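Q: The structure follows.
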Amino acid sequence: MNYFDGLSIALVGSDPRNVGLHRNQPRYYGVQYNHGGGLYLRVNRQAEYRVTGAWAFLTYPGTFFEYGPSDGRPRWHNYVCFYGPKVEEYIRSGLLAIPADPPLIRIANPGRFLETIQALKQGLASNLPNPARMTHTLEDLLLQLHEQADDRGLPYHGPVFARLIDELDRHPERPWDLAAEAKRMGFSLTHFRRLFRQFAGLSPQQYLIQRRLRLAAQLLTETNDLVRQVADRTGFRNEFYFSRLFKQTYHLAPLEYRREFLAAHP
């Protein structure tokens, strides 16, 4: 059997303004990714979860899922649904954790995760989708998810880092002094950076930049602010530095990103 046989991509989607409440027992396996906004999740009518920002969870047959905005406001919902005998290989190997416990996984590098889903979306929409390339890209997405799920440890220091990361998520525009945060938490800067990377998957500075760029992408699509205003509102004091970082992450200059987004979502 060809290595890439046995997998079919059923659906791929991305909706930056999703407000729907999904209640179903899925036919396919899926990766559900909340790229922005508040998310509500309930599995098998049991515990409820509410988070904000970049989080993902798995959906799968035989389980009832309810999920949607946590506060009634739009969220950026992305999904990939797939099926086939190859899925059983993923489950046996541990690449696909079914059932997932806990169900939600924080995505430390949201730009890359979203980019991988967009690549699947473009591949499925093409006139001649390449099954081998689609399988390879899906496996990359599952590997990203698996690696970040394995890094949710830090049982002792976890809560204090979770609080800090929540503040970074909600207010990335603030003039953060990460060295002062390390001192406040009682760590040397080197130890703080190591623990932060273990918890979030990125260094503190990289994580902060990613969150600022995510906020910038939101402002570019939801406001008419000039690029220099977006840079200033997201904590970047240099417009050219901001534009360079934005293009490195989203592969488009800020104004090109705004035009393409608005053309796709008028």
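Q: Could you look through the stretch 120-166, keep only residues that are assigned to a loop (DSSP other than H, G, I, E, B) and within 22 Å of Pro103 (Cβ to Cβ), and pick out the one that is modelled with the lowest pLDDT?
A: Here is the first cut: in the stretch 120-166, the ones assigned to a loop (DSSP other than H, G, I, E, B) are 126-130, 151-157.
Narrowing further to those that are within 22 Å of Pro103 (Cβ to Cβ): 151-155.
Values: Asp151: 48, Arg152: 46, Gly153: 42, Leu154: 47, Pro155: 47.
Applying the filter and picking the extreme gives Gly153.
Q: Sticking with this one: Does any residue in the stretch 214-229 that is touching a residue at least 40 places away in the same chain (Cβ under 8 Å) come within less than 8 Å, Cβ to Cβ, of a residue that is among the acidic types (Asp, Glu) six or more places away or on a different chain, and which pairs are these?
A: Leu215/Glu173
One line per residue, one yes/no per condition, for (1) modelled with pLDDT under 95; (2) over 30 Å from Pro131 (Cβ atoms):
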| residue | (1), (2) |
| --- | --- |
| Met1 | yes, no |
| Leu7 | yes, no |
| Ala10 | yes, no |
| Arg17 | yes, yes |
| Asn24 | yes, no |
| Asn44 | yes, yes |
| Phe64 | no, yes |
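Q: Of everything in the stretch 165-193, what is among the aliphatic types (A, V, I, L, M) and either under 17 Å from Leu215 (Cβ atoms) or within 17 Å of the chain's Cα centre (by Cα) (or both)? Give them in sequence order.
A: Within the stretch 165-193, Ile165, Leu168 qualify.
Q: Any residue at all in the stretch 194-202 that's closer than 30 Å to Ile98 by Cβ, under 19 Å from the mean Cα position of the chain (by Cα), not polar (S, T, N, Q) and not in a helix (DSSP H, G or I)?
A: Looking through the stretch 194-202, at least one residue is closer than 30 Å to Ile98 by Cβ, under 19 Å from the mean Cα position of the chain (by Cα), not polar (S, T, N, Q) and not in a helix (DSSP H, G or I).
Q: Quick one: which strands (runs of 3 or more DSSP E) sit completely within the stretch 1-87 and have at least 2 residues that are small (Gly, Ala, Ser)?
A: Once the strands (runs of 3 or more DSSP E) in the stretch 1-87 are filtered for at least 2 residues that are small (Gly, Ala, Ser), what remains is 8-18, 29-36.
Q: Separate question: Got a sec? Which of Gln25, Gln32 is in contact (Cβ under 8 Å) with a residue 12 or more places away in the chain, buried (at least 16 other Cβ atoms within 10 Å of the Cβ) and not aliphatic (A, V, I, L, M)?
A: After ruling out the rest, the residue left standing is Gln32.
Q: Follow-up question, since we're still on this one. Are any of the residues in the stretch 197-213 free of Cβ contacts under 8 Å to residues at least 24 places away in the same chain and charged (D, E, K, R)?
A: Yes: one or more hits.
Q: Which of the residues that make up the stretch 230-251 are in a helix (DSSP H, G or I) and buried (at least 16 other Cβ atoms within 10 Å of the Cβ)?
A: Taking the stretch 230-251 and keeping what is in a helix (DSSP H, G or I), we get 230-233, 239-250.
Those that are in a helix (DSSP H, G or I) and buried (at least 16 other Cβ atoms within 10 Å of the Cβ): Val230, Ala231, Asp232, Glu239, Phe242, Ser243, Leu245, Phe246, Thr249, Tyr250.
The values are calculated or read from the model by the stated rules, or taken from the named source; none is laboratory data. A quick note: this is a predicted structure, and the numbers were derived from the prediction, not measured. With ideal geometry, Cβ positions are generated from the backbone for all residues, glycine too; neighbour counts draw on all protein chains shown.
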